[in-house]
Structures are given as structure tokens and as C-alpha cells.
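Notes follow once the structure below has been shown.
The values are calculated or read from the model by the stated rules, or taken from the named source; none is laboratory data. Bear in mind that the values here come from a model prediction, so they are computed numbers and not experimental data. Cβ placement follows ideal geometry from the backbone for every residue including glycine, while neighbour counts extend to all protein chains displayed.
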Amino acid sequence: MARGRFVSIEGGEGAGKSTQVRRLATTLAARGIEAIVTREPGGSEGAEAIRALLMQGAINRWSAHGETLLFAAARADHVEKVIQPALGIGRWVLCDRFIDSTRAYQGVAGGIDDAAILALHAFGSRGLLPDRTLVLDVPRAVGAARALARDGGAGDRFAVRGTVFHDDVAAAFRRFASAEPDRVRMIDAGRDVDTVTAALLAELADLLP
Ligand SMILES: Nc1ncnc2c1ncn2[C@@H]1O[C@H](COP(=O)(O)OP(=O)(O)O)[C@@H](O)[C@H]1O
Ligand SMILES: [Mg+2]
């Protein structure tokens with residue numbers, strides 16, 4: 001049986017990741033491709049428990065290093081228990097955030113060395129990388145307005161950081177796309193949902209059976 005494809009959806013707060021990951025699964029299903037939708041941090045029982053530790057509480061609840069280790073631990077469990085088994089039985093896996101979010105948030109915006117993050121990933125998750133990473137790019141103000149309309153300002157430990165932090169995150173994703181153009185694709189997500197879904201599908205064209 002052919003191994004499934006692994007696709008991560010990345011981008012800042014309110015970019016439309018959760019919306020598009022579901023729509024993409026429906027679109028793929030219509031083409032006869034069975035995909036599971038999952039998310040990070042979380043996606044497995046253990047990783048969802050770690051998610052609560054990471055997303056709730058005071059901004060400075062964790063040291064930068066401790067936080068990076070928790071993300072790596074959650075990801076390791078998620079990869080071993082959910083992602084690899086699904087890929088192994090030929091399912092596609094659509095993941096709402098993955099390693100590039102850690103590289104952008106804890107790395108570029110948070111000051112943790114990228115090589116250290118990748119070393120933890122090599123150990124915890126056998127260095128698994130997506131076949132394709134789709135970055136939803138929206139102007140910060142658009143993402144912030146969408147997130148505000150969605151949850152009325154009750155942001156998690158990362159959403160509530162300042163403009164500089166979020167600008168660093170956005171710049172990091174653009175840098176990753178330049179560095180790995182084959183894997184990482186930027187999508188203009190400021191458009192209507194149908195147009196964005198079509199753009200995402202177009203970026204998967206070469207992976208489709
Ligand atoms: N292309 C779009 N145009 C307008 N609103 C959108 C679009 N995509 C998503 N939204 C809305 O914006 C909000 C944030 O989307 P969501 O998918 O939760 O973003 P994320 O998961 O990236 O934080 C939701 O209320 C969603 O319905
Ligand atoms: Mg979301």
C-alpha cells in the first residue's frame with residue numbers, strides 16, 4: 001500500500017488554518033483521498049494534555065527552553081501514536097501547525113536556536129518533515145481581526161503577544177518558504193475561503209494520485 005502524504009498548514013493567528021484544514025479534507029475526500037485532520041500542539045491523548053500546559057496560563061509560565069521541550073515532547077507522542085500509523089495505512093494527514101510553528105514561535109520570535117529545535121525534532125520525532133507545508137499568509141491586522149471576531153479577545157499564551165513577536169513569526173514563515181521552496185509554499189490567505197482552498201489544492205497538485 002502506498003504511504004499517505006503528510007501536509008502541514010501553518011501561519012499566524014486567525015489566518016484560517018483550522019478552517020482550511022477541514023475544507024481541504026472535504027475536498028480531498030471528494031477526490032477519493034481519505035485524510036485525517038489533526039493539530040498541534042496536541043493530536044494524541046498525551047499531547048493534548050501537554051497542550052493545556054502550553055496554551056493556558058501566564059505568558060511567562062514556562063522558560064523558553066522548557067516551552068520548547070514541551071512542544072517537542074507533545075510532537076513526539078503525536079507523531080508516534082497518530083501521524084506515522086495513519087501514513088502507514090495510506091491515509092493522508094493534514095496537520096494544523098507542526099515543526100515550523102516551533103521554529104517560528106520559539107525559534108525566530110522566541111530566541112531558541114533553530115539547530116537545537118531541529119536536534120530535538122530528530123530525537124523526538126525521528127526528524128519527520130511534511131511532504132508539503134502550506135503557509136497561510138495574511139496581513140497581521142486581518143489575522144488579528146479574524147481571531148478577535150472568533151474568540152472575542154480571549155487569546156491563548158501566544159495570541160496575546162505583541163506586534164513585534166507576531167511580525168517575527170510572519171517573517172520566519174516567509175524565510176522558511178524561501179529556504180525550502182519545494183516543501184514550503186506561501187498562500188495569500190486574505191482572499192475568500194473558497195479561493196484559498198483552491199489555492200491550497202493547487203499547491204498539492206504534484207502529490208495527488
Ligand atoms: N478566508 C477567510 N475570509 C474570512 N474569514 C475567514 C477566512 N478564513 C477563516 N475565516 C474566519 O476567521 C476566523 C479565524 O479562522 P481560523 O480558521 O480559526 O484561523 P486559525 O486557525 O488560523 O487561527 C474564523 O472565525 C473563520 O471563520
Ligand atoms: Mg486554529
Hits in segment 24-42 - residues which are within 13 Å of ligand 2 (Cβ to nearest atom) and in contact with a helix residue (DSSP H, G or I) (Cβ under 7 Å, 6 or more places away or on another chain) = Val37, Thr38, Glu40, Pro41, Gly42
Name the one entry in Arg91, Arg75, Arg97, Arg103 that is surrounded by fewer than 21 Cβ atoms within 10 Å (Cβ to Cβ) and of a type in the set (Lys, Arg).
-> Arg91
Reported set for segment 119-141 where residues are of a type outside the set (D, E, K, R) and either within 15 Å of ligand 2 (Cβ to nearest atom) or touching a strand residue (DSSP E or B) at 6+ places or on another chain (Cβ under 9 Å) (or both) is Leu128, Leu129, Pro130, Thr133, Leu134, Val135, Leu136, Val138
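Among the listed residues Leu28, Leu69, identify the single one that is hydrophobic (A, V, I, L, M, F, W, C), modelled with pLDDT of 95 or more and under 18 Å from the mean Cα position of the chain (by Cα). If you could, list the steps in order and put the result at the bottom.
Details: Leu28 fails: under 18 Å from the mean Cα position of the chain (by Cα).
Answer to the selection: Leu69.
Within segment 1-59, track down each residue that is among the polar types (S, T, N, Q) and either within 12 Å of ligand 1 (Cβ to nearest atom) or surrounded by fewer than 22 Cβ atoms within 10 Å (Cβ to Cβ) (or both).
Ser18, Thr19, Gln20, Thr26, Thr27, Thr38, Ser44, Gln56
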Of the conditions (1) touching a residue at least 40 places away in the same chain (Cβ under 8 Å); (2) closer than 21 Å to Ala109 by Cα, Pro130 clears all except one; give me its number.
-> (2)
When you scan segment 77-190 for helices (runs of 4 or more DSSP H) that lie fully inside it, which ones turn up with 1 or more residues that are touching a helix residue (DSSP H, G or I) at 6+ places or on another chain (Cβ under 8 Å)?
-> 99-102, 114-125, 140-151, 163-179
Among Gly153, Gly143, the single one that is over 19 Å from the mean Cα position of the chain (by Cα), at pLDDT below 95 and either within 14 Å of ligand 1 (Cβ to nearest atom) or surrounded by 18 or more Cβ atoms within 10 Å (Cβ to Cβ) (or both) is Gly153
